[in-house]
Amino acid sequence: MAANQKVSPTSKNSTELNPEILHQLHFSFVPSRVLSAGLRLGVFSHIAGGRRTVSAVARAAGGTERGIRMLLDALVPLGLLSKRSSSYALTPLAARYLVRKSPEYVGAFFENDSAWNAWSQLTEVIRTGKPVQHVGEQKQAEQFFPALVRTLHVLHRDRAVLAARALGAGGRRKGLRVLDVACGSGVWGIPYAEADPATRVTAQDFPAMLQVTRQYLKRHGVTRQFDLLPGDLNSVEMGVSRYDLAILGNIVHSEGERSSRDLFRRLHRALSPGGRVVIVDMVPNDNRTGPAFPVFFALNMLVATEHGDTFTLAEYTRWLKEAGFARVGTKNIGAHSPLIIGTRD
């Protein structure tokens, strides 16, 4: 390009070379902090309770009017509040998911700073290779995951139903025997029980986590169809030819390669002939250049686990076949990543 040649403001090159992009990237943490502050101060719940002005919300939240006014205004362009004159109202999204009394409240995890604190140490973690947390260990897991699974239950519920339908839940074959590994709330196993009263699901997790699981089984009315299997997924006895389906719902990324490959071998042994293991996880493309969320989530595992990572379909395929699964396929459920299914002969 000639030195005196002008670049159109709308050209590709001008967009790529616009330093404002870097400024926006640097400040991209702001929506996260605004949301977290709104949740921790309970502003969505206060507005739902009829407090619609800055002064009323400030009194209820215990904040200054200046700070609350700025916070409420910042929540408007995020699509969480609307504003008319000096009165604020919840958008439908906030009313459904951000009010603490809502049965679909997702703020249980968003309102704490555990992820923020971990990610703030990313540079040091990259240098040392030592995570900030060890959430796979039982003591930390039983402290960390109860709040997270309450949020994940709502986030994953609809996808879990789609996954169960894609795998034939409620179809011609009745009475499936399902193992939900590290089940959390049971969100990935519950749809199988709901689709077929003859299905039995074994929910495996640490003992304290299974207390949370019980709450959700009762809420969904499927307690009688569930058996609970307390223990560490790395050592708990899963039996031989006991199950038709084993679910790994967002589990592999936190376990890492070695643990997961061993788990695949144990699940192959625990499945009946023709049985399937289904993996729900964040799956980057083979070059690890996207989708963005699976690539970003690998770093989340770096700060939170000793060995966690996100893995490609090629890696899953190789590991499952080495574990004895004859066929490996995928099903799309409209998520960032497909279901990965290994079938035993």
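Tell me which residues come under 5 Å, amide H to amide H, from residue 327 once H is placed; ignore anything under 5 positions away on its chain.
Residues meeting the criterion, in which the H sits 1.01 Å from N, are 343.
Could you size up the charge dipole of segment 12-102 around its Cα centre, putting +1 on the beta carbon of Lys and Arg and -1 on that of Asp and Glu, and report it in debye to the nearest 20?
500
Which cross-chain or sequence-distant (5 or more) residues have an amide H under 5 Å from the amide H of residue 202, H modelled 1.01 Å from N in plane?
Residues meeting the criterion, in which the H sits 1.01 Å from N, are 178, 179, 180, 227.
When the helices in the chain are scored as -39500 (n - 2.57) per DSSP H run of 4 or longer and the sum is shared across all residues, what 222 nm value do you end up with, to the nearest 500 deg cm²/dmol?
Using -39500 (n - 2.57) per qualifying helix, the result is -14000 deg cm²/dmol.
Cut-off under 14 Å on the C-alpha distance; same-chain residues fewer than 8 positions from residue 331 excluded. Which aspartates and glutamates are left, in chain and number order?
Leaving aside aspartates and glutamates fewer than 8 places away in the same chain, those within reach of residue 331 are 281.
HN-Hα J couplings of segment 236-247 from phi, Karplus 6.51/-1.76/1.60, θ = phi - 60°, integer Hz, Gly and Pro as x?
Residue by residue, segment 236-247 yields 5, 7, 9, x, 10, 6, 9, 10, 8, 8, 10, 10 Hz.
Any idea how far apart residue 321 and residue 126 come out in nm if each label point goes 7 Å out from Cα toward Cβ?
It is 3.5 nm.
Test of understanding: extend the Cα→C-beta vector of residue 227 to 7 Å, then name every residue of segment 176-196 with backbone N under 11 Å from that spot.
177-179
Full extension from residue 257 to residue 85: what is 0.36 nm times the residue separation minus their Cα-Cα distance, to one decimal in nm?
The residue 257-residue 85 span can extend by a further 56.4 nm.
Compute the separation of the alpha-carbon centres of segment 260-294 and segment 175-193 and state it in Å as a whole number.
Each part's Cα centre sits 16 Å from the other's.
Suppose every K and R has +1 on its Cβ and every D and E has -1 on its Cβ; what is the size of the dipole of the chain about the Cα centre, in Debye to the nearest 20?
Roughly 1080 debye for the chain.
How large is the Kirkwood hydrodynamic radius of the chain, counting all unique pairs of alpha carbons, in Å?
Every distinct Cα pair counted, the radius reaches 22.5 Å.
What's the extension gain from residue 235 to residue 95 if we count 0.36 nm per residue and subtract their Cα-Cα distance?
Contour length minus the Cα-Cα distance gives 46.1 nm.
Would you pull out the residues with amide H under 5 Å of residue 251's amide H, same chain only if 5 or more places away, H placed 1.01 Å from N?
For residue 251, whose amide H was placed from the backbone, the distant partners under 5 Å are 280.
Tell me, what HN-Hα J-couplings in whole Hz come from the Karplus equation 6.51 cos²θ - 1.76 cosθ + 1.60 at θ = phi - 60° for each residue of segment 319-330, using x for Gly and Pro?
Karplus values, whole Hz, x for Gly and Pro: 5, 5, 5, 5, 7, x, 6, 6, 9, 10, x, 9.
Largest first and in whole Å, what are the equivalent-ellipsoid semi-axes of segment 12-102 based on the Cα gyration tensor, each being the root of 5 times an eigenvalue?
Whole-Å semi-axes of the equivalent ellipsoid: 29, 14, 12.
Using θ = phi - 60° and the Karplus curve 6.51 cos²θ - 1.76 cosθ + 1.60, what whole-Hz ³J(HN,Hα) does each residue of segment 112-125 get, with Gly and Pro shown as x?
Values, residue by residue: 9, 9, 5, 5, 4, 5, 5, 5, 5, 9, 4, 4, 5, 5 Hz.
For the chain, find the longest principal axis of its Cα atoms and tell me its angle to the long axis of helix 30-40, 0 to 90°, nearest 10.
80
In the chain, what percentage of the DSSP-assigned beta bridges are antiparallel, given to the nearest 5?
Just about 40 percent of them are antiparallel.
In degrees from 0 to 90, rounded to the nearest 10, what is the angle of the helix 65-75 Cα long axis to the longest principal axis of the chain?
Long axis of 65-75 versus the principal axis of the chain: about 60 degrees.
What do you get for the angle between helix 292-304 and the principal long axis of the chain? Use alpha-carbon atoms, 0 to 90 degrees, nearest ten.
That helix lies at roughly 80 degrees to the long axis.
Of 78, 88, 28, which is farthest towards the positive pole of segment 12-102's charge dipole, taken about the Cα centre with +1 and -1 on the beta-carbons of Lys, Arg and Asp, Glu respectively?
Value: 88.
No value in this document is a laboratory result; all are computed from the given coordinates. As the structure is a computational prediction, the values presented were derived from the model and not from experiment. Backbone-built Cβ (ideal geometry, glycine too); neighbour counts: all protein chains shown.
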